[in-house]
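Taken together, the values in this text are just the output of simple stated rules run on the coordinates, not laboratory data. Remember, predicted model here, so these are calculated numbers, not experimental data. Cβ placement follows ideal geometry from the backbone for every residue including glycine, while neighbour counts extend to all protein chains displayed.
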Amino acid sequence: MPSNNLYFPSRAKTPFIALGGSFWPLILSLRLLMLALNLVLWFHLKVSVSIVVLSLTLVSSLIFVWWRDVIRESLLGLHTRKLEVRMRSGFLLFILSEVFFFVSFFWAFYDASLSPSVELGIVWPPLGILPLEVYSIPLLNTVILLSSGVSVTWSHHSLINNFFIDSILALGFTVLLGVYFLAIQYVEYSERAFSLADGIYGTTFFLCTGFHGFHVIVGTLYLSYVFILISRGILLYNHHFSFEAAAWYWHFVDVVWLFLYLSIYWWGSL
């Protein structure tokens, strides 16, 4: 590989990195477009679910190889302090976009619940809907996610203080709590007396909790990936942006669940 500043930008007199060409952003964008189209076709029963699973698998594979290249750049010393600041800013903007994503769902819920229409019986929850007990499964899931937020923070501070064993154990415990949350949510869905097709209540409930569950899956996979990096000694006390980003994302998931619990489960069942 030529030893010029294009490939080794850390030697250049600039705090920025001159990245080489990469086809992953373009290919991933096209695959995401195909995934969205396949989902629409699946909703209209035009394709089978196997096509959607295949598209999702391809998207996941592309994300993996893209992250692999980013890790290689980091290990080669190509990530400067200036670049790390930009990466943090970019990830925070990504979380901000996720915030507005969930705001749209909460907007739909409050628009329907604060002024129930005649078709709903002018009451909320609508007539015929039996919501789950607030202090049963939803409260358990709240305790699980809040506990996972504490454990991931413990793991982060342990890594900063070079307590790698404590960091690995706490992060592994966080991953287990994420899996446990998903298992409990599956049980909750199985016991539901209503479905996605049961009017605005079923639609908003399953959209909010379902997309949150999807974010829990993504966060759990992300933390599992960070767990592997720490176990292999790749992340250090002064070089662990991957862990910081995963922790931010997980805390975002926790906060969204608190709003879900207080809005849909507690206030929505009064």
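Among residues other than residue 174 whose Cβ falls under 15 Å from its Cβ, what is the net charge (Lys/Arg +1, Asp/Glu -1)?
-3
Just how far, in whole angstrom, is the stretch 176-255 from the stretch 42-87 if you go by their alpha carbon centroids?
17 Å
Counting only complete DSSP H runs, which helices of the chain cover 15 Å or more along their long axis at the Cα atoms and score a mean Kyte-Doolittle of 1.6 or above?
Length and hydropathy pass: 24-43.
How much length is gained if the chain between residue 237 and residue 130 is pulled fully straight, taking 0.36 nm per residue apart and subtracting their Cα-Cα distance, in nm to one decimal?
Net length gain for the segment: 33.5 nm.
Give the peptides 72-79, 197-204, 173-180 in descending order of average Cβ contacts within 10 Å, highest first.
173-180, 197-204, 72-79
Once you treat every alpha carbon in the stretch 20-178 as an equal point and sum by Debye, what is log10 I(q)/I(0) at q = 0.20 Å⁻¹?
Here log10 of I(q) over I(0) equals -1.31.
Treating only the Cβ of Lys, Arg, Asp and Glu as charged (+1, +1, -1, -1), what charge dipole size does the stretch 137-270 show about its Cα centre? Round to the nearest 20 debye. Walk me through the numbers before you get to the answer.
Working: 2 positive and 6 negative charges, 34 e Å.
It works out to roughly 160 debye.
Roughly what % of Cα-Cα distances in the chain sit above 27 Å, to the whole percent?
Of all Cα-Cα distances in the chain, 50 percent exceed 27 Å.
If you line up the Cα atoms of the stretch 203-270 on their principal axes, what length do they span on each, largest first, in Å?
Result, largest extent first: 50, 18, 13 Å.
If we sort 42-50, 104-112 on the protection proxy, mean other Cβ atoms within 10 Å, highest first, what's the order?
104-112, 42-50
By counting other Cβ atoms within 10 Å of each Cβ, how are 95, 168 ranked from fewest to most?
In order of increasing Cβ crowding within 10 Å: 95, 168.
Arranged by the count of other C-beta atoms within 10 angstrom, fewest first, what order do 163, 102, 205, 214 take?
So the residues, fewest neighbours to most, are 214, 163, 102, 205.
Go from 0 up to the bin containing the longest alpha carbon distance in the stretch 155-240, width 10 Å each, and give me the % of pairs per bin.
The calculated distribution, bin by bin, is 16, 36, 22, 15, 9, 1.
Who wins for biggest fluctuation among 88, 192, 31 in a Gaussian network model of the chain, springs between alpha carbons below 10 Å?
31
Using only alpha carbon pairs under 8 Å that are at least six residues apart, calculate the relative contact order of the chain and give it in whole percent.
Over the chain, the number comes to 19 percent.
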